[in-house]
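Quick notes on the structure that follows.
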Amino acid sequence: RLGQQVGVRAADQRQRQAGAGVEQRPEIGRLTIEGGKEGLTQFNERLLALAGAHDLLTRRSWEGADLGELVIEALQPYASQVVVDGPTTPLAPNAAVALAMIFHELATNASKYGALSTEAGRVEVSWTNEGRTRLTLTWRERGGPPTQKPTRSGFGSRLIASSLRGDLSGSAQFDYAPEGLTCVFTIQTPPRPFA
């Protein structure tokens, strides 16, 4: 068990060093991201979201993470505007990382264009487990400016779609109603029980 703990700590330290190295080399951002300084800022924010997911998993020795804990961690900067509701739902590490990145993208968009861009705005995140192999997760924004369907698909949208197809074996429905965005994710990957 001690050897496993040392291995987990070493992996976490390598991940932190890699993230710090990338953040301190802006030329990497210029080579890999379009959008100049704003693109580099977005890249660094994504790295921080990834690091947050890794921190949560490290606290659990990479045995998985609870969905509720993950949502709270990912949306912590907006805690006063977020309502979280759902049963205990253990996730495998790859699913936890994928969902953390999805929540980061949704929160970023909500803080720019949606409910989190105003003090009165709220986001409700809820989920239900349907059997052992299906999870339905809902992201609902209310109280922000009127929602409009995007005219193009940005990197965040592509990241969400890729995560759903890959690590989560899922799908999403987006409803751009005037009162706020609602996203319903159906994830087929079975949750992983904690050891």
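Every number in this text was worked out from the coordinates using simple rules, so none of it is lab data. Nothing here was measured: the structure is a model prediction, and the numbers come from that model. Cβ sites come from the backbone with ideal geometry, for glycine too, and all protein chains shown count toward neighbours.
Could you check the spin-label model distance between THR186 and ASN94? Points 7 Å from the Cα along Cα→Cβ, value in nm.
The answer from the label model is 2.2 nm.
Ranked highest first by the average count of other Cβ atoms within 10 Å around their residues, in what order do 64-72, 120-128 fall?
Details: 64-72: 21.0, 120-128: 17.7.
Ranking the peptides 64-72, 120-128 by packing returns 64-72, 120-128.
Output the peptides 105-115, 177-187 sorted from most to least packed, where packing is the average of other Cβ atoms within 10 Å over each peptide's residues. Write out the running numbers ahead of the final one.
On the way: 105-115: 20.3, 177-187: 17.3.
By packing density, highest mean first, the sequence is 105-115, 177-187.
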